[in-house]
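Following: one structure in structure tokens, then a few remarks.
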């Protein structure tokens, strides 16, 4: 595939029907909305969904959810150190990012290994490091906003699973709860590809394949 010449701006339309696309943990897990009542999905949530989808397609992902870990590493540092090429560069020691050659090689290896790093970028900042290593990615994604205000429905539900109380305590195992969802919403995701950052190992090949 030829080198991209111009910045690419893209928009994606998604519909939400009777679902919670992105709950707000500070608001009882209600679907996010702006002050104007428009539905909102954070860019972090969108990237999480993209990462999960790519992982389902067999791609290597650096920022994995704990419940979707497929490589045996339970944290980001262990995943980075588990790469033999990165380990060979650092030799078990922190890399001083004044050594630009080493940091540049570190970034190249990380981009070649993980599809989300070469797409979105990543800050490799771990406890004890002299300086974090930052990789800039060509793809940026904004939060999704609905084209019109959304109706959020709150439904009272009964949980029939006893979380902690025993029957001897004389408590009923059924507990009340609340479920929130968007009745219907049309959301727009805007993003862009920065052509000055496209030369990541495998990025153009990835675009051609997808």
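The values are calculated or read from the model by the stated rules, or taken from the named source; none is laboratory data. Remember, predicted model here, so these are calculated numbers, not experimental data. Please note: Cβ atoms are built from the backbone with ideal geometry, for glycine as well, and neighbour counts cover all protein chains shown.
Scanning segment 158-182 for residues that are assigned to a strand (DSSP E or B) and modelled with pLDDT under 95 yields 158, 159, 175, 176, 177, 178, 179. Applying the criterion of being crowded, with 17+ Cβ neighbours inside 10 Å and touching a strand residue (DSSP E or B) at 6+ places or on another chain (Cβ under 9 Å) to the residues of segment 51-83, the residue that is farthest from residue 146 (Cα to Cα) is 80. The selection criterion, being modelled with pLDDT under 95 and surrounded by fewer than 16 Cβ atoms within 10 Å (Cβ to Cβ), does not hold for residue 17.
For residues that are over 18 Å from the mean Cα position of the chain (by Cα) and at pLDDT 75 or above, tally how many sit in segment 66-109.
Result for segment 66-109: 17.
You will find that of 68, 51, 30, 77, the residue that is closer than 19 Å to residue 137 by Cβ and in contact (Cβ under 8 Å) with a residue 12 or more places away in the chain is 51 and no other.
Being farther than 20 Å from residue 21 by Cα and at pLDDT below 75, is that true of even one residue in segment 133-150? No: zero hits.
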